[in-house]
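The values are calculated or read from the model by the stated rules, or taken from the named source; none is laboratory data. Since this is a predicted model, take the numbers as computed values, not measurements. Please note: Cβ atoms are built from the backbone with ideal geometry, for glycine as well, and neighbour counts cover all protein chains shown.
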Amino acid sequence: MSLSTPAGMSRRHFLSHMATGSAMTLGATQFLSHLQANAAEVKRNQKACILVWLGGGAPTIDMWDLKPGSKNGGEFKPISTAGDLQISEHLPNIAKEMDSLSVVRAMSTREADHNRGSYFMHTAYVPNPTVVHPTFGSVVSYELGAKRKELEIPSFVSIGGGGMSPGFLGMSHAPFVVDARGNIQNANMDSVDPARLGNRLEMLATIENGFIGSNRGDIGQAHKDVYGKAVNLMTSQQMAAFKVDQEDAAVKQSYGGHQFGNMMLMARRLVETGVPFVEVRFPGGWDLHNDVFNTLKNQRLPMLDTGIAGLVRDLKARGMLDDTAIICMGEFGRTPRINANVGRDHWAASWSVMVGGAGLNGGVAVGETNQDGDRIVSESYLPGDLWATVSHALRIPLDTVHTSKRGRPMKLANGGQPIKDLIG
């Protein structure tokens, strides 16, 4: 591991101290400890975001915004939490950590199609045939990851499935996809012969440099960058972040000891290594048109509960929660009305998102729906407002503008504004 010089000290200043024997004055062991502590502090202050993606559209009315006494209320009861709000009785572990988490109960997106809703929630833009907008993980990779020179692994990782497109930001900011065990599809790093690899890379470099020199656009350079990162992966010690099996059994059990818990633990390991954006795709869908209550209480919610609560506790214990934003959401919610199959259908008019960490206010419910949950009775929010809130927490300037391949200016988070009750 390379060590940076202490904050505010130039390389020349550092070498001067070494030459004049200051290291001996401090004592070699003390001096090294000082550098290591400084490096640890720099890493601890690195901002990051973990997105828990509930693909299919979770029934947030049964999770974060219950309606007891309403015809739409369903079978579950609300319970008190460590914050100033109530959530589902089937999320008891998260309830204990709600002083660090909040719920936005007034999302209104109007996109109730899976693909369009996923695109909107990931990018803050509705789909447009003339441009592919970058998923926000790619935005964070572009704004923060590129500045972390010590990071040898990708700055945007998607665990458990493919992420969305990097759009006009380019393939170097695409999600690096691994399965729930941290494995790269169709890759066996242990079978690479160094000599043959070196020969092939030399030949590839010759071809790529020739293509880049022919001035045919930026595709050649992007391809070279992606392959360069792939080669770094083969030798980087930072790849150990993907190996959750190296953790103690007690740590894994604190996340629930199940597949989703291990994925969340991997996310923590990646953020701790310096990865600024990790998306965790919950295993098993949330498109619950049938038997919603049994599926939630027996399958989905127990895993979600222990996995998220384990992450929050672990980040707190490591002093990382104040620098790590956590978002839990899908592409929309589910209908307040319970259908004939005891399920809930697609609903984007009034639903909830859970968010916390990174200095955001915890323990509050932002926004309000009516008694039956089918209408927002407060200010409503769009995906851009959510991502603007995260950007504020990650210290990405809100006036940032990116440029599409056709030269169109694209505002960060589509010009959304941070949610005041969360950044207060």
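The table for this structure:
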{"item": "Residues satisfying the stated conditions in region 322-355, i.e. charged (D, E, K, R), under 18 Å from residue 294 (Cβ atoms) and out of contact with any helix residue (DSSP H, G or I) (no Cβ under 9 Å at 6 or more places or on another chain)", "result": "345"}
{"item": "Subset of region 363-412 [part of a helix (DSSP H, G or I) and out of contact with any Ser or Thr (no Cβ under 6 Å at 6 or more places or on another chain)]", "result": "383, 384, 385, 386, 387, 388, 389, 390, 391, 392, 393, 394"}
{"item": "Residue list for region 124-138, filter: of a type in the set (S, T, N, Q) and either under 12 Å from residue 175 (Cα atoms) or surrounded by 19 or more Cβ atoms within 10 Å (Cβ to Cβ) (or both)", "result": "135, 138"}
{"item": "Subset tally (residues that are surrounded by 20 or more Cβ atoms within 10 Å (Cβ to Cβ), in a loop (DSSP other than H, G, I, E, B) and of a type in the set (Asp, Glu)) for region 56-111", "result": "2"}
{"item": "Filter result for the condition that a residue is more than 18 Å from residue 57 (Cβ to Cβ), surrounded by fewer than 24 Cβ atoms within 10 Å (Cβ to Cβ), touching a strand residue (DSSP E or B) at 6+ places or on another chain (Cβ under 7 Å) and of a type in the set (D, E, K, R), over 323, 345", "result": "323"}
{"item": "Residue match in region 375-382 (condition: in contact with a helix residue (DSSP H, G or I) (Cβ under 6 Å, 6 or more places away or on another chain) and at pLDDT 95 or above)", "result": "no"}
{"item": "Region 255-311, subset of a type in the set (D, E, K, R) and under 18 Å from residue 61 (Cβ atoms), residue surrounded by the fewest Cβ atoms within 10 Å (Cβ to Cβ)", "result": "291"}
{"item": "Close pairs from region 282-296: first on the phi > 0 side of the Ramachandran plot, partner in a loop (DSSP other than H, G, I, E, B), Cβ under 6 Å, at least 6 apart", "result": "291/342"}
{"item": "Complete set of residues in region 269-279 that are over 16 Å from residue 53 (Cβ atoms) and over 10 Å from the mean Cα position of the chain (by Cα)", "result": "269, 272, 273, 274"}
{"item": "Subset of region 224-249 that is polar (S, T, N, Q) and surrounded by 14 or more Cβ atoms within 10 Å (Cβ to Cβ) - its residue that is modelled with the highest pLDDT", "result": "238"}
{"item": "First in region 57-72 and under 23 Å from residue 121 (Cα atoms) and touching a residue at least 12 places away in the same chain (Cβ under 8 Å), second anywhere and part of a loop (DSSP other than H, G, I, E, B) and basic (Lys, Arg), Cβ under 7 Å, 6 or more apart", "result": "59/344; 61/67"}
{"item": "Hits in region 143-163 (condition: of a type in the set (A, V, I, L, M, F, W, C) and within 14 Å of the chain's Cα centre (by Cα))", "result": "144, 156, 157, 159"}
{"item": "Region 389-406 residues that are touching a residue at least 40 places away in the same chain (Cβ under 8 Å) and surrounded by fewer than 16 Cβ atoms within 10 Å (Cβ to Cβ), paired with ones that are hydroxyl-bearing (Ser, Thr, Tyr) and not in a loop (DSSP other than H, G, I, E, B) (beta carbon under 9 Å, 6 or more apart)", "result": "400/391"}
{"item": "Unique match (being in contact with an Asp or Glu (Cβ under 7 Å, 6 or more places away or on another chain) and crowded, with 17+ Cβ neighbours inside 10 Å) among 165, 172, 155, 141", "result": "172"}
